[in-house]
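Trainee: I'd like to ask some things about the structure below.
The values are calculated or read from the model by the stated rules, or taken from the named source; none is laboratory data. Given the structure is predicted, the values throughout are model-derived calculations rather than measurements. Positions of Cβ are generated from backbone atoms using ideal geometry, with glycine treated the same way; all protein chains shown enter the neighbour counts. With ligands, DNA and RNA removed, areas are computed over all heavy atoms of the protein, side chains included. Shrake-Rupley method; radii C 1.70, N 1.55, O 1.52, S 1.80 Å.
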Amino acid sequence: MSFTDVEIEYLRSQLIGRMATVQPDGTLQVNPVTYRYNDKWGTIDVGGFNFTRSRKFRNVLDNGRVAFVVDDVPSTSPWRVRCVEIRGYAEVVEEPDAFPDLDDMIIRIHPKRIISFGIAEPDTPPHLLTYHKRNVG
């Protein structure tokens, strides 16, 4: 399994992530997206409205390179940030009903590197938190 149980729990607790894709000219595009953790494949599935007409969809078709992050700030006193970053490759797949009321075509992100911060150490003072980094797959 690519993700730890704590990372999966965190990913399931959030509603929006940010997905970066690489455009044909090499510049990056970042968009907030809806997503879900896919138990069957251990992937992040991304859905949307009119997805096949979006630049992010065409970028994935073009080169499949993506980065994805989910983050939040559960406290500002003390300041506390949590996040999971996923770097990997993506593919376009048809998955009817993956996201009710959204398109059947989705982007499936396969992680190659996972970096998490602040989610596995809830009782650690913020300035002592550590990154958890690993290559997967």
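Trainee: Before we move on, is Val6 within 30 Å of Asp123 (Cβ to Cβ) and open to solvent by less than 60 Å² (accessible area, probe 1.4 Å)?
Mentor: Taking the combined requirement at face value, the residue does not satisfy it.
Trainee: Given the conditions (1) closer than 29 Å to Ile119 by Cα; (2) assigned to a helix (DSSP H, G or I); (3) without any contact (Cβ under 8 Å) to a residue 40 or more places away in the chain, and given that Glu7 satisfies all but one, which numbered condition is not satisfied?
Mentor: (3)
Trainee: Let me ask something else about it. Taking segment 100-125, which residues are of a type outside the set (A, V, I, L, M), closer than 18 Å to Val33 by Cα and open to solvent by less than 50 Å² (accessible area, probe 1.4 Å)?
Mentor: Scanning segment 100-125 gives Asp103, Arg108, His110, Pro111.
Trainee: What are the residues in segment 43-55 that are modelled with pLDDT under 95 and either surrounded by 15 or more Cβ atoms within 10 Å (Cβ to Cβ) or of a type outside the set (Val, Ile, Thr) (or both), if any?
Mentor: The answer is Gly47, Gly48, Phe49, Asn50, Phe51, Arg53, Ser54, Arg55.
Trainee: Next question. Out of (1) buried (at least 19 other Cβ atoms within 10 Å of the Cβ); (2) in a helix (DSSP H, G or I), what's the single condition that is false for Leu61?
Mentor: Every listed condition holds for Leu61 apart from (1).
Trainee: Kindly list the number of the only condition in (1) farther than 18 Å from Phe57 by Cα; (2) under 15 Å from the mean Cα position of the chain (by Cα) that fails for Leu129.
Mentor: Failed condition: (2).
Trainee: Looking at (1) assigned to a strand (DSSP E or B); (2) closer than 18 Å to Val6 by Cβ, can you tell me which one Val92 breaks?
Mentor: Checking Val92 against (1) assigned to a strand (DSSP E or B); (2) closer than 18 Å to Val6 by Cβ, the one that fails is (2).
Trainee: For segment 25-57, name all the residues that are polar (S, T, N, Q) and in a loop (DSSP other than H, G, I, E, B).
Mentor: Thr27, Asn50, Ser54
Trainee: Now for a separate question. Quickly run through segment 97-137 and pick out the residues that are out of contact with any helix residue (DSSP H, G or I) (no Cβ under 6 Å at 6 or more places or on another chain), touching a residue at least 12 places away in the same chain (Cβ under 8 Å) and charged (D, E, K, R).
Mentor: Result: Arg108, Lys112, Arg113, Lys133, Arg134.
Trainee: State all residues of segment 68-81 that are in a strand (DSSP E or B) and either in contact with a Phe, Trp or Tyr (Cβ under 6 Å, 6 or more places away or on another chain) or over 14 Å from Ile16 (Cα atoms) (or both); if no residue qualifies, say none.
Mentor: Pro74, Ser75, Thr76, Trp79, Arg80, Val81
Trainee: So which of Ile115, Ile107 ends up being more than 25 Å from Tyr131 (Cβ to Cβ) and assigned to a strand (DSSP E or B)?
Mentor: Ile107
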